[in-house]
Amino acid sequence: MGVIAVVVIIFTGASISQTITFLSRSGLELTATYNKSLLEHTYSAIRYPMAIGDSDIIVEQFDDIKQNMQGVEVYVTDFRQGITYASEKERTRSPMHQHLHQPEAKQALSDTLQSGQPPNATFTETNGANSYLISIKPVLNERSCHHCHGSSQKVLGAIVVKQPVTSIFAALGATRVRLLGFYTVEIIGIILLLNLLLSRLVTRRIRFLAEQTSRVSAGDVSVEVWDDAKDSIGALTRNFNQMIKGTRDRMEYANSLKLGIYDPFFMVDPDMKITYINEAAAKLAGVQPEVVRGVKTCEELFHSDKCQEGCPIKKALATGEASLGTRVIMTNAAGRAVHLSVSSAALKDSTGRILGAFEILRDLTKEVEAEHMLKESYLREEEAKELLQERVQDLSNILTRVADGDLTPRAVVSGQDDVMDQLIQKPNETLDRMTELISQTQRAAYTVVTGIHHIARGNQSLAQRTEQQAAAMEETSATIEELITS
């Protein structure tokens with residue numbers, strides 16, 4: 001509104017200035033025309049009396065001008081600027097330049113007396129409270145003047161007319177005041193009318209649209225403005241509604257994406273405050289979603305081992321770079337350590353300014369447990385392998401001693417009833433039978449020796465000794481055969 005008022009004032013002021021300038025110029029031009037006409041009439045009236053040298057008639061003409069033309073001053077000067085005739089008789093014989101107060105007028109009079117050419121313009125001067133319009137006309141030395149002045153002087157003098165214009169300037173001033181008053185009232189009326197029209201057609205509608213825009217900037221996207229006008233504001237309003245609808249659609253799309261994320265997910269603002277957390281993330285932390293939104297930071301909620309150093313969220317907020325698959329260990333509300341794989345990225349606006357960040361978490365508890373089980377299984381297998389190697393080595397050592405003739409060592413059975421126990425048990429049984437057979441052989445040999453001893457002593461008959469010896473030999477042969485078979 002202020003701009004429109006300034007524009008109206010500027011254009012109206014320019015119009016006032018042009019009007020006043022035109023009126024002033026027109027008034028001065030009319031006065032100058034009248035002044036030149038008076039100059040020509042005066043010259044025509046005194047030309048003949050001057051030609052015949054009748055100064056009385058000239059004086060009467062100037063007296064008539066004095067009486068009938070109030071305020072008009074007419075002077076006739078010689079070529080030395082001395083006043084010869086004047087409507088103001090007391091100024092006769094005085095220098096003309098004493099009665100001209102404007103330097104340009106004085107210079108114009110001197111130029112006219114030298115060149116014989118009238119000046120191209122009139123001159124305005126002010127003497128006290130009075131203003132005059134000055135016109136100058138040269139008096140040339142015509143043929144009719146030669147009988148008195150001779151022919152050597154080209155210019156005999158000049159006629160100077162001073163027309164009072166004080167009343168004209170006063171009238172122009174009054175006109176200027178009236179015009180200023182009229183245009184001031186006009187400007188005020190135009191401004192009030194424009195203000196009324198703008199208030200009804202523009203200002204109210206724009207103010208209402210601005211209020212709705214403020215609501216949108218505060219986060220309320222349920223705003224809808226109705227304006228069916230065909231002007232630019234109506235088009236702006238319709239575009240505003242379309243923009244809000246697009247914003248709602250994008251927000252709904254984003255909300256749908258958030259709801260569609262099954263894994264634990266949360267978002268933070270630049271101060272690390274949690275602005276959104278889904279049920280899965282809240283359940284993982286052991287809290288309710290509404291308790292932490294806008295209240296707690298992610299560090300206060302998750303207590304991760306990366307919170308102080310290497311935090312993916314802090315990295316995203318600081319550099320805008322994403323982090324994928326970072327392994328962290330968090331402590332939930334129950335104090336239980338939970339292994340997680342997290343991926344984080346920054347949330348940016350259209351200018352690239354970081355507005356926050358989000359993080360998606362994946363619970364690795366089952367994977368970690370599987371890793372522990374696999375590791376324990378591997379360790380058990382390694383222990384079993386080492387034990388098996390030890391038992392095989394023990395068995396090998398026993399067999400080596402047996403091969404050297406030592407039948408006393410036995411392999412230790414673990415009691416697990418595994419294949420190795422079965423393998424160990426067979427050699428142990430074989431060694432036990434071999435020991436038993438050897439014992440039987442020793443006893444049989446002892447019997448043979450005893451029989452031979454009896455034979456040697458002759459206590460028995462040869463037949464008995466022979467039978468006993470044969471029986472002993474058979475028993476020894478059977479034992480050896482059984483040993484070989486085993």
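Which of the residues belonging to the range 346-387 are surrounded by 10 or more Cβ atoms within 10 Å (Cβ to Cβ) and in contact with a Leu (Cβ under 8 Å, 6 or more places away or on another chain)?
Residues satisfying the conditions are A346, L347, K348, I354, L355, G356, A357, F358, L361, R362, D363, L364.
Which of the residues spanning the range 264-296 are buried (at least 16 other Cβ atoms within 10 Å of the Cβ), of a type outside the set (A, V, I, L, M) and at pLDDT below 85?
P289, R293, K296
Which residue out of S135, S110, S167, S131 is farther than 30 Å from R47 by Cβ and assigned by TED's automatic domain parsing to the domain that holds F79?
Criteria check complete, one pass: S167.
So for the range 210-232 (the condition being surrounded by 13 or more Cβ atoms within 10 Å (Cβ to Cβ) and among the aromatic types (F, W, Y)), does at least one residue qualify?
No: zero hits.
Which of (1) hydrophobic (A, V, I, L, M, F, W, C); (2) buried (at least 20 other Cβ atoms within 10 Å of the Cβ); (3) modelled with pLDDT under 90 does L324 not meet, given it meets every other one?
Here L324 meets the rest and fails (2).
Output yes when any residue across the range 368-391 is closer than 30 Å to L340 by Cα and basic (K, R), and no when none is.
So far as the range 368-391 goes, yes, one or more of its residues are closer than 30 Å to L340 by Cα and basic (K, R).
So which residues in the range 409-425 are without any contact (Cβ under 8 Å) to a residue 12 or more places away in the chain and either β-branched (V, I, T) or in a helix (DSSP H, G or I) (or both)?
Scanning the range 409-425 gives V419, D421, Q422.
Of all residues in the range 288-325, how many are among the charged types (D, E, K, R), over 22 Å from the mean Cα position of the chain (by Cα) and not in a loop (DSSP other than H, G, I, E, B)? So that I can check it myself, show each step before the final result.
Quick first cut of the range 288-325, residues among the charged types (D, E, K, R) only: 290, 293, 296, 299-300, 305-306, 309, 314-315, 321.
Then keep just the ones that are over 22 Å from the mean Cα position of the chain (by Cα); that gives 290, 293, 296, 299-300, 305-306, 309.
In the following step, the residues that additionally are not in a loop (DSSP other than H, G, I, E, B) were identified as 290, 299-300.
Counting residues in the range 288-325 that are among the charged types (D, E, K, R), over 22 Å from the mean Cα position of the chain (by Cα) and not in a loop (DSSP other than H, G, I, E, B) gives 3.
Would you point out which residue out of L193, L172, L156 is surrounded by 12 or more Cβ atoms within 10 Å (Cβ to Cβ), in a helix (DSSP H, G or I) and either under 58 Å from the mean Cα position of the chain (by Cα) or not polar (S, T, N, Q) (or both)?
L172
With the structure loaded, tell me whether S135 is under 25 Å from I57 (Cα atoms), crowded, with 20+ Cβ neighbours inside 10 Å and of a type outside the set (A, V, I, L, M, F, W, C) or whether it fails that test.
yes
Within the range 143-162, take every residue that is in contact (Cβ under 8 Å) with a residue 24 or more places away in the chain and of a type outside the set (A, V, I, L, M, F, W, C) and give me the one that is nearest to H41 (Cα to Cα).
Looking at residues that are in contact (Cβ under 8 Å) with a residue 24 or more places away in the chain and of a type outside the set (A, V, I, L, M, F, W, C), I get K162.
Looking only at the range 326-360, how many residues end up being in a strand (DSSP E or B) and over 12 Å from P270 (Cα atoms)?
Step one: filter the range 326-360 for residues in a strand (DSSP E or B), giving 326-331, 337-348, 354-360.
So of that shortlist, the ones also over 12 Å from P270 (Cα atoms) come out as 326-331, 337-345, 359-360.
Number of matching residues: 17.
Sort out which residues of the range 196-227 are more than 29 Å from the chain's Cα centre (by Cα) and among the hydrophobic types (A, V, I, L, M, F, W, C), and write them in order of number.
L196, L197, L198, L201, V202, W226
Give the range 163-187 a look and list any residue that's over 21 Å from E73 (Cβ atoms) and in contact (Cβ under 8 Å) with a residue 12 or more places away in the chain, or say none.
Listed by number, the residues that qualify are L172, T175, R176, L179, L180, Y183, E186, I187.
Look through E309, E371, E367, E290 and report the one residue that is within 30 Å of G219 (Cα to Cα) and of a type in the set (D, E).
E290
The values are calculated or read from the model by the stated rules, or taken from the named source; none is laboratory data. All values derive from a computational prediction rather than experimental measurement. Reconstructed Cβ throughout: ideal geometry from the backbone, glycine too, with neighbour counts over all protein chains shown.
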